[in-house]
């Protein structure tokens, strides 16, 4: 499961791939397509293994990979679809809107992600918290 998250979704989080596309719009469409496909596969796998977390009720490496992938999917690529205008939305509102939308399309991913965000480990290491410490 962690391999799916990191091999199908993660490479898109590396902005170096962006240079392979002629326009930002081409890259965005490609990134959205691949991220959605990865989330669809992940939703299917989690349907068979998830409890509170990706694999049952204990945190695993799959959970460690999930939070940053979902965060980047929302903040960089507006996944699961073009459902908001980023110029009108704050980061907090993006996550709120995403949670509403993803619950319909990827309910198990959404449940696991929400559970993980309540865990101290993920609260202190969440990208938005790390970013705010770096910027200080």
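Numbers below:
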{"item": "Rg in Å to one decimal, and Dmax rounded to a whole Å, for the stretch 18-61 via C-alpha atoms", "result": "15.2, 44"}
{"item": "Least to most buried among 109, 124, 74 (fewest other Cβ within 10 Å first)", "result": "124, 74, 109"}
{"item": "Taking 114, 63 and counting other C-beta atoms within 10 Å, the order from fewest to most", "result": "114, 63"}
{"item": "Order of 119, 104 - criterion: other Cβ atoms within 10 Å of each residue's Cβ, fewest first", "result": "104, 119"}
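Read-outs throughout are calculated quantities, based only on the coordinates presented, and are distinct from any laboratory measurement. As the structure is a computational prediction, the values presented were derived from the model and not from experiment. Note that we place each Cβ from the backbone using ideal geometry, even for glycine, and neighbour counts take in every protein chain shown.
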